[in-house]
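Student: Mind looking over this structure? Questions follow.
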């Protein structure tokens, strides 16, 4: 174990935001095939609070076992501090970003001043954006990309018998529910980039932002249930998901597709099959190659990360409390150092 220390946010027991403790922790030791990154910014994501509260939403037999204390978090942007053996393509001082070791529960350890990253999961940071916006992208943008464009991995899907398959988007009509959130605001942009006509669903205060990101139409769900007015859709990306996602079956064409980002609780598989609708989901996986591809789109502004709010690393608890209040526009990001 390293004798050097760093500041990190750790949890010693499952619970609410109050269990996030800003404290000294061992600085990670660099292993072959890894890169040590000095972290400048950390994007927070739903799996961070799922882990923090012990995955209470999952059936007990699905809940992963972890060792305390643990450092949560996956998404980072920072500067290469050191490069391990056999690593090529990265050098000390490079600005990089990553979704670290996902899905590997408790091993990502991103809420910290330093993190080791497998070189295969790392990419050069987009030069045209700062660390805050780069850290906001990895998990949410990779999720949108792997759902809509290219899966990019062959990991078994625990949620369904077959691997997820994206569907053609050019000239199709796509509705994105939860369009203002982390995955949703990227899904709007990716679908539009690939030639779809995009309908964004969110509360009214997000309309201007979503239209600026490329939404062709907007539905304020606080005034109108989207399933009551949207018809003949080719694809629904439900970035909210859960037990209510089946309501969108009535909005889809026969032969259409429903992609719930959070598929647990969906109970309408039989009805979907009757209507010839494909219901499919995947679990996002780390990919340095895809992040390198996406960096070009982030660099020139083709795809943009929207920032809801930022907090110093020491205020991770407040950041999780902000997330718990909901109605997030884009991403919440933790900052490290000056």
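Rule-based calculations on the coordinates, nothing more; no lab input. Quick caveat: nothing in here was measured; it's all calculated off a predicted structure. Methodologically, a virtual Cβ is constructed for each residue, glycine included, from the backbone with ideal geometry; neighbour enumeration extends over all protein chains shown.
Student: Hey, in the GNM for the chain with a 10 angstrom Cα cutoff, which one of 142, 29, 210 fluctuates hardest?
Tutor: Greatest mean-square fluctuation among the candidates belongs to 29.
Student: Along the Cα-to-Cβ line of residue 21, 7 Å from the Cα, sits a label point; which residues in the stretch 311-338 have backbone N less than 16 Å from it?
Tutor: Inside the label zone: 314-317.
Student: Could you work out the relative contact order of the stretch 156-279? I mean the mean sequence separation of Cα pairs under 8 Å and 6+ apart, divided by the number of residues, in percent.
Tutor: Contact order relative to length: 21 percent.
Student: From Cα pairs below 8 angstrom and at least 6 apart in sequence, can you work out the relative contact order of the chain, rounded to a whole percent?
Tutor: Dividing the mean separation by the residue count of the chain yields 19 percent.
Student: Return the distance in nm (one decimal) between the two label points of a simple spin-label model at residue 273 and residue 85, each offset 7 Å from Cα along Cα→Cβ.
Tutor: 5.3
Student: Which of 321, 227, 150 comes first, and how do the rest follow, when ranked by fewest Cβ neighbours within 10 Å?
Tutor: By the 10 Å Cβ count, ascending, the order reads 150, 321, 227.
Student: Using Cβ contacts closer than 10 Å as the measure, can you line up 12, 40 from fewest to most?
Tutor: Taking fewest neighbouring Cβ atoms as first place, the list is 12, 40.
Student: Now for a different question. Which of 95, 271, 18 moves the most in a Gaussian network model of the chain with Cα springs under 10 Å?
Tutor: For the chain, modelled as a Gaussian network with Cα springs under 10 Å, the answer is 271.
Student: Hey, another quick one. Determine the gain in length on full extension of the stretch residue 65-residue 157; use 0.36 nm per residue of separation and subtract their C-alpha separation, reporting nm with one decimal.
Tutor: The span from residue 65 to residue 157 would gain 31.2 nm if fully extended.
Student: Suppose the chain between residue 5 and residue 253 were pulled fully straight at 0.36 nm per residue; how much longer would it get relative to their current alpha carbon spacing?
Tutor: 83.6 nm
Student: Next question. Taking 0.36 nm per residue of sequence separation and subtracting the Cα-Cα distance, how much length would be gained by fully extending the chain between residue 243 and residue 327, in nm to one decimal?
Tutor: The residue 243-residue 327 span can extend by a further 28.3 nm.
Student: Taking the convex hull of the alpha carbon atoms in the chain, what volume per residue do you get, in Å³?
Tutor: 130
Student: Pick from 161, 312, 126 the residue whose mean-square fluctuation is largest in a GNM of the chain, springs joining Cα atoms under 10 Å.
Tutor: 161
Student: Here is a further query. How big is the gap, in Å, between the Cα center of the stretch 1-66 and the Cα center of the stretch 177-208?
Tutor: Distance between centres, Cα-based: 30 Å.
Student: Listing 49, 145, 62 from the residue with the fewest other Cβ atoms within 10 Å to the one with the most, what is the order?
Tutor: Ascending number of Cβ neighbours within 10 Å: 62, 49, 145.
Student: What does the helix-only formula give at 222 nm for the chain: each DSSP H stretch with n ≥ 4 adding -39500 (n - 2.57), the total divided by the residues, and the result rounded to the nearest 500 deg cm²/dmol?
Tutor: The per-residue figure over the chain is -6000 deg cm²/dmol.
Student: Let me know the volume per residue of the alpha-carbon convex hull for the stretch 156-279, in Å³.
Tutor: 99
Student: Take every DSSP beta bridge with both residues inside the chain and express the antiparallel ones as a percent of the total, to the nearest 5.
Tutor: 55
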